[in-house]
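S.K.: Supplied in structure tokens, the structure appears directly below.
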Amino acid sequence: MRRKLVVGNWKMNGSIAINKALLEALIAGVRKLDNSDYVVCAPYPYLCQTQQLLQGTNIAWGAQNLCSTDNGALTGAVAPHMLVDYGCRYVIIGHSERRALFHETDDTAAARFLAAQGAGITPIFCMGESAEERDSDWTEYIVGRQLDSLIRRFGPYVLNNAVLAYEPLWAVGSDQPATPEQAQEVHTFIRKRIARCDAEVAAHVRILYGGSVTAENAEGLFRMPDIDGGLIGRASLRAEDFIPICRAADATTVQGLEALIA
Ligand code: PEP
């Protein structure tokens with residue numbers, strides 16, 4: 001039985017004052033939701049503040065990227081051990097915005113993935129196809145290639161300490177979420193592809209869905225058998241949107257447990 005996981009990706013948003021109000025509301029809102037896991041990925045300058053406010057709560061925190069090498073002459077880069085200094089347990093890797101706007105590739109994402117694990121940080125590895133690729137029936141080819149960029153290099157067991165996120169580009173930031181059935185279809189594809197290498201790894205790895213998840217559509221998505229939670233962009237910036245999504249995760253984890261027992 002996989003616990004649901006909800007990850008908020010703040011992207012390049014926030015301020016000291018805004019974050020304080022948001023995090024205090026989140027702490028109060030998810031305090032009693034014991035059945036799932038919750039994470040906030042803040043911009044680098046706010047990791048210290050995030051750590052100070054979230055330590056000792058049931059919300060973990062992380063970053064939105066890292067550099068694949070350690071200390072060195074790399075202006076503007078942030079090394080894995082620096083994230084560890086601020087208590088980060090998670091880091092987003094290969095987000096579609098990093099791939100599209102900052103020229104990240106399967107190779108650089110794979111290197112960052114391994115660097116995160118090397119530092120003891122759980123990578124949240126993003127995959128997804130564009131609208132044109134979906135229209136051309138290339139979804140499985142694209143997502144399969146992105147997944148293979150890890151499995152072929154490092155073997156399937158690296159997924160024991162990782163989270164996967166299916167984030168179709170046409171759904172991210174678009175108000176056009178995948179339907180639960182569309183997302184489930186790709187999640188099944190991902191899990192089956194991993195199972196070809198190792199069934200145990202496939203059964204345990206959490207695969208999140210991301211792309212226009214809201215308080216209204218979260219429960220329908222999280223009820224699908226292979227959707228283990230969400231990677232949430234815009235709706236993670238408002239407590240009144242994010243808390244109901246966390247509640248939906250908590251409720252669907254419980255429903256899954258009840259179904260197992262019945
Ligand atoms: C994201 O950027 O990872 C994302 C899913 O964004 P949104 O929820 O705003 O679509």
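S.K.: Check the range 101-120 and report whether any residue there is within 23 Å of Ala235 (Cα to Cα), within 16 Å of the ligand (Cβ to nearest atom) and not polar (S, T, N, Q).
M.R.: Scanning the range 101-120 turns up at least one residue that is within 23 Å of Ala235 (Cα to Cα), within 16 Å of the ligand (Cβ to nearest atom) and not polar (S, T, N, Q).
S.K.: What pairs come up if the first residue lies in the range 1-24 and is more than 24 Å from Arg98 (Cβ to Cβ), the second is small (Gly, Ala, Ser) and assigned to a helix (DSSP H, G or I), and their beta carbons are under 6 Å apart, counting only those six or more places apart or on different chains?
M.R.: Pairs that qualify, where the first residue is more than 24 Å from Arg98 (Cβ to Cβ) and the partner is small (Gly, Ala, Ser) and assigned to a helix (DSSP H, G or I), are Lys4/Ala249.
S.K.: While we're here: Which one is farthest from the chain's Cα centre (by Cα), of the residues in the range 73-103 that are buried (at least 20 other Cβ atoms within 10 Å of the Cβ) and among the small types (Gly, Ala, Ser)?
M.R.: Ser96
S.K.: Looking only at the range 17-49, count how many residues are within 16 Å of the ligand (Cβ to nearest atom) and either β-branched (Val, Ile, Thr) or modelled with pLDDT under 95 (or both).
M.R.: Selection size over the range 17-49: 2.
S.K.: I would also like to ask the following. Could you tell me which numbered condition Arg196 fails, if it satisfies all but one of (1) under 22 Å from Asp34 (Cα atoms); (2) surrounded by fewer than 17 Cβ atoms within 10 Å (Cβ to Cβ)?
M.R.: Checking Arg196 against (1) under 22 Å from Asp34 (Cα atoms); (2) surrounded by fewer than 17 Cβ atoms within 10 Å (Cβ to Cβ), the one that fails is (1).
S.K.: Something else about it: Can you tell me which residue within the range 65-100, out of those that are β-branched (Val, Ile, Thr) and more than 16 Å from the ligand (Cβ to nearest atom), is farthest from Gly8 (Cα to Cα)?
M.R.: Taking the candidates together, the pick is Thr75.
S.K.: Would you list the helices (runs of 4 or more DSSP H) that sit entirely within the range 176-262 and hold 3 or more residues that are within 11 Å of the ligand (Cβ to nearest atom) and within 18 Å of the chain's Cα centre (by Cα)?
M.R.: Passing ranges, in order: 239-261.
S.K.: What do you reckon, is Ala165 crowded, with 21+ Cβ neighbours inside 10 Å and either under 21 Å from Arg3 (Cα atoms) or in contact (Cβ under 8 Å) with a residue 60 or more places away in the chain (or both)?
M.R.: Criteria met by Ala165.
S.K.: Pull out all pairs, ordered by first then second residue, where Cβ-Cβ is under 6 Å, the residues are six or more apart or on different chains, the first lies in the range 88-106 and is touching a residue at least 12 places away in the same chain (Cβ under 8 Å) and farther than 10 Å from Asn65 by Cβ, and the second is in a loop (DSSP other than H, G, I, E, B) and away from the ligand (no atom under 12 Å from the Cβ).
M.R.: Cys88/Ile121
S.K.: Which ones in the range 52-70 are in a loop (DSSP other than H, G, I, E, B) and either under 19 Å from the mean Cα position of the chain (by Cα) or of a type in the set (A, V, I, L, M) (or both)?
M.R.: Matches in the range 52-70: Asn58, Gln64, Asn65, Leu66, Cys67, Ser68.
S.K.: Shifting gears a bit: Does Gly14 satisfy the condition of being of a type in the set (Gly, Ala, Ser), over 22 Å from Glu104 (Cα atoms) and within 16 Å of the ligand (Cβ to nearest atom)?
M.R.: In short, yes.
The values are calculated or read from the model by the stated rules, or taken from the named source; none is laboratory data. Every value quoted in this text rests on a predicted model; they were computed, and no experiment measured them. Note: ideal-geometry Cβ built from the backbone for every residue, glycine included; neighbour counts use all protein chains shown.
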